[in-house]
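S.K.: My questions all concern the structure below.
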Amino acid sequence: MFDVNVVSANRVRHYSVAPAAVIGWEVKLEENHAVRWREIYEDWHRVERKLTRMKQEVSDLVEQGWTIQASNR
């Protein structure tokens with residue numbers, strides 16, 4: 001659904017939204033291959049709000065010089 005890597009020097013952030021195993025959606029941020037935060041939502045409206053914030057953060061990072069990289073997942 002949403003799967004983006006942004007890279008700057010030796011830092012990598014991976015943002016993702018995917019269907020959860022049982023019900024709902026898993027929303028996650030990994031930094032340098034370690035989970036920074038992970039949440040499961042059953043309410044799509046909460047996912048939409050979180051996704052909007054994630055997209056804004058990616059946009060802000062790109063403006064700061066980070067680059068979007070193809071996901072290896």
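S.K.: Within the bounds of region 62-70, is there any residue that is surrounded by 11 or more Cβ atoms within 10 Å (Cβ to Cβ), at pLDDT 95 or above and in a helix (DSSP H, G or I)? I'd like the intermediate steps shown before the answer.
M.R.: As a first pass, look at region 62-70 and keep what is surrounded by 11 or more Cβ atoms within 10 Å (Cβ to Cβ): 62, 66, 68-69.
Checking the rest, the ones that are also at pLDDT 95 or above come to 62, 66, 68.
Now drop any that are not in a helix (DSSP H, G or I), which leaves 62.
Checking region 62-70: at least one residue is surrounded by 11 or more Cβ atoms within 10 Å (Cβ to Cβ), at pLDDT 95 or above and in a helix (DSSP H, G or I).
S.K.: Can you find, within region 1-33, the residue that is farthest from T67 (Cα to Cα) among those that are in a strand (DSSP E or B) and among the β-branched types (V, I, T)?
M.R.: Filtering region 1-33 for residues in a strand (DSSP E or B) gives 2-8, 11-19, 25-31.
From the residues that got through so far, the ones that are among the β-branched types (V, I, T) too are 4, 6-7, 12, 17, 27.
Values: V4: 10, V6: 5, V7: 5, V12: 10, V17: 20, V27: 21 Å.
Out of the qualifying residues, it is V27.
S.K.: Residues that are surrounded by 11 or more Cβ atoms within 10 Å (Cβ to Cβ), part of a strand (DSSP E or B) and of a type in the set (D, E, K, R): does region 43-53 have at least one?
M.R.: No, region 43-53 contains no residue that is surrounded by 11 or more Cβ atoms within 10 Å (Cβ to Cβ), part of a strand (DSSP E or B) and of a type in the set (D, E, K, R).
S.K.: If you scan region 14-35, which residues turn out to be without any contact (Cβ under 8 Å) to a residue 12 or more places away in the chain and either among the polar types (S, T, N, Q) or under 16 Å from D3 (Cβ atoms) (or both)? Break it down into steps so the answer makes sense when it comes.
M.R.: Looking only at region 14-35, we keep the residues that are without any contact (Cβ under 8 Å) to a residue 12 or more places away in the chain, and these are 21-22, 34-35.
Answer for region 14-35, where residues must be without any contact (Cβ under 8 Å) to a residue 12 or more places away in the chain and either among the polar types (S, T, N, Q) or under 16 Å from D3 (Cβ atoms) (or both): just V35.
S.K.: Further question on the same structure: Determine whether region 25-47 contains at least one residue that is at positive phi and of a type in the set (A, V, I, L, M). Explain how you work it out, then say what you get.
M.R.: Taking region 25-47 first, the residues at positive phi are 32-33.
Narrowing the set further to residues that are of a type in the set (A, V, I, L, M) leaves none.
Looking for residues that are at positive phi and of a type in the set (A, V, I, L, M), one finds none in region 25-47, hence no.
S.K.: Can I ask one more? Which one is modelled with the lowest pLDDT among residues in region 21-41 that are among the small types (G, A, S) and exposed (fewer than 13 other Cβ atoms within 10 Å of the Cβ)?
M.R.: Top of the filtered list is A21.
S.K.: Can you confirm whether region 37-51 contains a residue that is of a type in the set (A, V, I, L, M) and touching a Lys or Arg at 6+ places or on another chain (Cβ under 9 Å)? So that I can check it myself, show each step before the final result.
M.R.: Pass one, region 37-51, residues of a type in the set (A, V, I, L, M): 40, 47, 51.
Remaining after also requiring touching a Lys or Arg at 6+ places or on another chain (Cβ under 9 Å): none.
No: region 37-51 contains no residue that is of a type in the set (A, V, I, L, M) and touching a Lys or Arg at 6+ places or on another chain (Cβ under 9 Å).
The values are calculated or read from the model by the stated rules, or taken from the named source; none is laboratory data. These numbers were taken from a predicted model, which means no experiment stands behind them. Methodologically, a virtual Cβ is constructed for each residue, glycine included, from the backbone with ideal geometry; neighbour enumeration extends over all protein chains shown.
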